[in-house]
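The values are calculated or read from the model by the stated rules, or taken from the named source; none is laboratory data. Please read these numbers as outputs of a predicted model, since none were measured by experiment. Ideal geometry is used to build each Cβ from the backbone, glycine not excepted, and the neighbour counts take in all protein chains shown. All accessible areas refer to the heavy atoms of the entire protein, side chains included, with ligands and DNA or RNA removed. Shrake-Rupley method; radii C 1.70, N 1.55, O 1.52, S 1.80 Å.
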Amino acid sequence: MSTSKTKTRLTVTDCTDRREWNDFVESNDGPPFGLWGWREASRNYGHDTHWLAARDGGDIVGALPLVEIRSRLFGSKLVSPPYGERGSVILADDAPESTTTHLVRQAKRIADDAGVDFVSLRGTTVDHAQFEGFEHENRFVTFDVPVGVSHDEMWDGLKESRQRQIDQARENDLEYVVGESLDELREYYELYLQSVRGHGSPPHSFEFFKRVWETFADHGTLHLGLVRHDGRAINGIVNLGCGSTVSQWGVITDYEYRDLQGGSFLLWKSMEHAHENGYQSYELGRTREGTGVYMFKKSFGGKKTQYDDFHYFPNGPVELPHPDKSAYKPIKEAWKRLPIPVTKLIGPTLRKDISL
């Protein structure tokens, strides 16, 4: 197929077929944050979405999910994905060479027409050269842990110090439970409210988690894990599977009990669950290099992978959201002192407009 012929045949439109979209994303090992369920969860917050599908003839050969967020406090943006680890362009193995170009050009048109402050395509793994007009930045890394190997190989891949902490968690009689009901999701959410307040961050609404639960759990691609001590949840995690990979999302902790090593136990049991369910890779979520969280994740033996972010500024450069910005520190400290019922009430109104 010639380049000129490819260009004339490719079309980009908003996909309206949930099954067709999900089949494409799953068969091409796309991120779970690009699945239709993430579109529905984002729409539940009132955001507009653009699930762009590039077609060669009638078949989807490339996809770019975008969520449009408008806020008086935090500005306006097109993001792929909001609230998740990575998104951006997803390509079929046989996609024409210009597929990415067609998709990002359409994203720029939407941004120009909507007058947003910026477009953020996060965690892409495709050819950089086709992101014409976008600025490239490396802000986060992740670790990909192979879980398609034997159980012994997974264990041997951990640092000895991490192995000892997992053994210590067992000695502390911690219990790992797979959540299978909305009651267990509520149990997770109550701990989540406490955990994110400890970071000085506003929480998502329970309805957001419920929508994610409803759209992912029915397909067996959501795994809710809880670590309990004396019947009380002290650690929790939501993992989302897509294709051959499980992506970590929503890790929470009751820091009062951190010496019991529930965090190490939680992550190990999550990896075991991915292994037992036939996945090949467990992705540990985005983190900033050199932080304490980075060192924790590194000890699980995965391969470090750089996330490539691309940004487009329709009206000239603007400052991108940065959770560690010094100006936010007083606000975070004040938020930590708020009662949980208050953060639960007002937090989601803020969180829905924060794309990180």
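Here are the numbers for the structure shown:
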quantity: Residue within region 113-121 that is more than 21 Å from the chain's Cα centre (by Cα), assigned to a helix (DSSP H, G or I) and farther than 22 Å from Ala41 by Cβ present; calculated: yes
quantity: Tabulated pairs, region 226-243, first over 16 Å from Phe209 (Cα atoms), second part of a strand (DSSP E or B) and polar (S, T, N, Q), C-beta under 7 angstrom, 6+ apart or interchain; calculated: Val227/Asn235; Asn235/Thr253
quantity: Conditions (1) closer than 23 Å to Thr215 by Cβ; (2) of a type outside the set (Val, Ile, Thr); (3) in contact with a helix residue (DSSP H, G or I) (Cβ under 9 Å, 6 or more places away or on another chain); (4) open to solvent by less than 40 Å² (accessible area, probe 1.4 Å); number of the one not met by Ala92; calculated: (1)
quantity: Subset of region 6-51 (residues that are assigned to a helix (DSSP H, G or I) and either among the β-branched types (Val, Ile, Thr) or open to solvent by 70 Å² or more (accessible area, probe 1.4 Å) (or both)); calculated: Thr6, Lys7, Thr8, Arg9, Arg18, Arg19, Asp23, Val25, Glu26, Ser27, Arg43
quantity: Arg86 vs. criteria within 21 Å of Gln130 (Cα to Cα), within 21 Å of the chain's Cα centre (by Cα) and not hydroxyl-bearing (Ser, Thr, Tyr); calculated: yes
quantity: Those strands (runs of 3 or more DSSP E) lying entirely in region 142-259 with at least 1 residues more than 29 Å from Ile346 (Cβ to Cβ), open to solvent by 20 Å² or more (accessible area, probe 1.4 Å) and in contact with a His (Cβ under 8 Å, 6 or more places away or on another chain); calculated: 175-179
quantity: Contacts under 9 angstrom Cβ, first residue in region 324-338 being free of Cβ contacts under 8 Å to residues at least 40 places away in the same chain, partner among the charged types (D, E, K, R) and exposed (fewer than 11 other Cβ atoms within 10 Å of the Cβ), 6 or more apart; calculated: Lys325/Glu319
quantity: The one condition in (1) in contact with a helix residue (DSSP H, G or I) (Cβ under 8 Å, 6 or more places away or on another chain); (2) surrounded by fewer than 23 Cβ atoms within 10 Å (Cβ to Cβ) that Arg105 fails to fulfil; calculated: (1)
quantity: Any hit, region 64-75, residues being among the small types (Gly, Ala, Ser), open to solvent by 10 Å² or more (accessible area, probe 1.4 Å), assigned to a loop (DSSP other than H, G, I, E, B) and at pLDDT below 95; calculated: no
quantity: Some residue of region 284-300 being assigned to a strand (DSSP E or B) and closer than 27 Å to Pro31 by Cα; calculated: yes
